[in-house]
1. Pulled fully out, how much extra length does the chain show between Val90 and Arg28, if you take 0.36 nm times their separation in residues and subtract their Cα-Cα distance?
2. Just to be sure I understand the curve: with the Debye formula and one point per C-alpha of the stretch 1-74, what is log10 I(q)/I(0) at q = 0.21 Å⁻¹?
3. Within the accessible area of the stretch 1-148, what % is carbon and sulfur when the probe is 1.4 Å and the other protein chains stay in place?
4. Please work out whether the stretch 53-104 counts as rounded, prolate or oblate from its C-alpha gyration tensor, where a ≥ b ≥ c are the square roots of the eigenvalues and a/c under 1.5 means rounded, while otherwise a/b larger than b/c means prolate and anything else oblate?
5. Could you work out the mean projected area of the convex hull around the alpha carbons of the stretch 134-264, in square nanometres to one decimal?
6. Hey, how much of the P(r) for the stretch 1-126 falls beyond 26 Å, as a percent of Cα pairs?
7. Write down the radius of gyration of the chain and its Dmax, each obtained from C-alpha positions, in Å.
8. Straight distance only, please: which aspartates and glutamates reach the Cα of Lys13 with their own Cα at less than 20 Å, same-chain residues fewer than 8 apart left out?
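The values are calculated or read from the model by the stated rules, or taken from the named source; none is laboratory data. Just so we're clear, the structure is a prediction, and the values are computed from it rather than from any experiment. Keep in mind that these areas ignore ligands, DNA and RNA; they rest on the heavy atoms of the full protein, side chains included. Shrake-Rupley method; radii C 1.70, N 1.55, O 1.52, S 1.80 Å.
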Amino acid sequence: MKTVASRDNPAYKALAKLASSAAERRKRGLTVIEGAHLVRACLDAGHPVAQLFLTRAAAEAQAALANRARAASAVIVELADPLFAAVSGVESPTGVIAVVATPAGRPVPPGARFCLALEDLQDPGNVGTLLRSAAAAGVEHVLLSPTCAFAWSPKVLRAGQGAHFALNIVEGADLAAFVAGFAGTSVALCGEAKASLHDTDLRGPLALLVGNEGAGLSPALERAATVRARIPMPGRAESLNAGVAGSIALFEAVRQREAGRGNR
């Protein structure tokens, strides 16, 4: 294991640039993930780790993780505590940072069983929350419009808590074209819709469409959807957070599918 204690070290300088610059990460096709849980999720999914940076304490506490990464051809580097703190994106660093190739999204088949499409979601926390909910609900594919927050940014990764590696994430997607070619039911979440989500059949091949935190879905995408549906809200709140609304819709689909299996 190499030990780095100087800010002039090329490996540290490259890591610092990646950690601080979204443009650099996009240009190099690399993602920085922090925390043993996320690194473990990455390895569990069979996704290789290029570099694993550890503090001395973490190298001792996470020896098994380091061995797994090393067996998958990762370069292991022990980073001095002050250097690690300088590149960490959290208030209380855990001492584990990995650099991985950003996974490329795969084409979504027209007959996909369960999809989530996000249009113009700006908040990284909402995007990460929805990715986490999607993975928990059994979604296979998540499509993000070009104006969404970058799915592989550190904030979205932290909010996703490893969900990224359980999903096919397609960024920069043409959602209108996807909906037009989708063979199942596409459901646009819309607070003004007449149909209730609870009365909408979500049991077959499904694509749920969630829009911007303030403006919602674009009128064109709403019109393109098979169904417009609202989440019943008998209380006094005017609207729901986009991450919450999308999660409710995902698990309403899970509820209906589970109930359908019980009736067979």
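1. Working: separation 62, 0.36 × 62 = 22.32 nm, distance 2.29 nm.
Stretched fully, the Val90-Arg28 segment lengthens by 20.0 nm.
2. Computed log10 I(q)/I(0) values: -1.06.
3. Details: 3550 of 6810 Å².
Percent of accessible area from carbon and sulfur atoms in the stretch 1-148: 52.
4. Working: a/c = 2.10, a/b = 1.24, b/c = 1.69.
Oblate, because a/c is 1.5 or more while a/b does not exceed b/c.
5. Values: hull surface 35.0 nm².
With every direction weighted equally, the projected area is 8.7 nm².
6. Values: 2052 of 7875 pairs.
Tail of the P(r) past 26 Å holds 26 percent of the pairs.
7. According to the Cα coordinates of the chain, Rg and Dmax are 20.5, 65 Å.
8. Leaving aside aspartates and glutamates fewer than 8 places away in the same chain, those within reach of Lys13 are Glu24, Glu34, Glu78, Asp81.
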